[in-house]
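All remarks here apply to the structure that follows.
The values are calculated or read from the model by the stated rules, or taken from the named source; none is laboratory data. Here the structure is a predicted model, which means the values were calculated and not measured. Neighbour counts run over all protein chains shown; Cβ positions are idealised from the backbone, glycine included.
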Amino acid sequence: MKIAIFVEGQTEQIFITKLLYNFFPPEKIQILSTRRNGRHEEINILDKASHAEYFVLIYVAEGDNRALSALKDYYPKMEHRGFTKFFVLRDLKSQEYKKFGDAIIDKQRSFINQINSKKNIFLHYSKMEIEAWFLAAPQLFYEIDKRLTVQNIKKTIGQDLDVVDPEIAFKSPASEVKRIFKSIDQSYSKSETDVKEIVSHIDWAELCFQFRGQKISFFYDFLDDISQIIP
């Protein structure tokens, strides 16, 4: 099975890669990624697909709305090359969402419905940013530095991460993560190194099962559709 996942940035690419490697037997999956460097870029990486049972291409579109436009541009070609499932993951931290709210979600889902006759395209959102999903599992911060207890984090950001839903409580989850690390004189810049450090400390069993029905509903919506392809 060939699966394409369109995302807006490196943070999402790293998170999804680690998520999939924690659910698929390593001998059954190959994950590659590419970035859009221009509107007319061809996805030459398609030719690198191995004979793994599951081949996942994560396409980093780099910017607001570009994941959807990339899907529109490449969907026919990729379907012709044997891709059978297509995912788009967008964040909602944009001027567009700030101005129009959930009407933007309705508009984009309507667009997907127009081209989704085979019901193989899945549009999802991280609200407001994927860092909300990091904040939902605060134990990871403690694993990084023992000073980052939930109690100490509350003193820094004014919220108890064991109680609040980060998708609702924070307008800029990435800024809250920056504040947490700044409290111990460290930084968070969304760099590859920073994101990999955080993601490496996620307890995936906790994140994927413990909080269902309590918080990060957008994550569980995404996870439920991804789970359709997990053997």
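For beta carbons closer than 8 Å, sequence separation of 6+ or different chains, a first residue in the stretch 189-209 that is within 22 Å of GLU167 (Cβ to Cβ) and acidic (Asp, Glu) and a second that is modelled with pLDDT of 95 or more and assigned to a helix (DSSP H, G or I), the qualifying pairs are ASP203/GLN139; ASP203/LEU140; GLU206/GLN139. Annotation note: of LEU140, LEU89, the sole residue that is in contact (Cβ under 8 Å) with a residue 40 or more places away in the chain and either of a type in the set (Phe, Trp, Tyr) or in a helix (DSSP H, G or I) (or both) is LEU140. Counting the residues of the stretch 199-230 that are modelled with pLDDT under 95 and basic (Lys, Arg) gives 0. Could you check, for the stretch 61-74, whether at least one of its residues is farther than 30 Å from ILE168 by Cβ, in the same structural domain as PHE23 (by TED's automatic domain parsing), surrounded by fewer than 19 Cβ atoms within 10 Å (Cβ to Cβ) and basic (Lys, Arg)? So far as the stretch 61-74 goes, yes, one or more of its residues are farther than 30 Å from ILE168 by Cβ, in the same structural domain as PHE23 (by TED's automatic domain parsing), surrounded by fewer than 19 Cβ atoms within 10 Å (Cβ to Cβ) and basic (Lys, Arg).
So if I check each of GLU143, GLU131, which one is among the charged types (D, E, K, R), farther than 28 Å from ALA49 by Cβ and within 20 Å of the chain's Cα centre (by Cα)? When all the criteria are applied, what remains is GLU131. Residues that are touching a helix residue (DSSP H, G or I) at 6+ places or on another chain (Cβ under 7 Å), of a type in the set (Lys, Arg) and closer than 26 Å to GLY63 by Cβ do not occur anywhere in the stretch 158-178.
Are any residues in the stretch 191-212 in a loop (DSSP other than H, G, I, E, B) and over 15 Å from ALA174 (Cβ atoms), and if so, which ones? Within the stretch 191-212, SER200, HIS201, ILE202, ASP203, PHE211, ARG212 qualify. With respect to being touching a strand residue (DSSP E or B) at 6+ places or on another chain (Cβ under 8 Å) and closer than 27 Å to PRO26 by Cα, ILE115 falls outside the description. Go over the candidates GLU176, GLU129 one by one and state the one that is of a type in the set (Asp, Glu) and outside any helix (DSSP H, G or I). Only one candidate qualifies: GLU129. For the stretch 101-124, a tally of residues being outside any helix (DSSP H, G or I), of a type outside the set (Lys, Arg) and surrounded by fewer than 22 Cβ atoms within 10 Å (Cβ to Cβ) returns 8. For the stretch 160-173, the set of residues classified as surrounded by fewer than 21 Cβ atoms within 10 Å (Cβ to Cβ) and farther than 17 Å from PHE211 by Cα consists of LYS171, SER172, listed by residue number.
Can you confirm whether the stretch 53-67 contains a residue that is in a helix (DSSP H, G or I) and within 19 Å of the chain's Cα centre (by Cα)? For the stretch 53-67, residues in a helix (DSSP H, G or I) and within 19 Å of the chain's Cα centre (by Cα): present.
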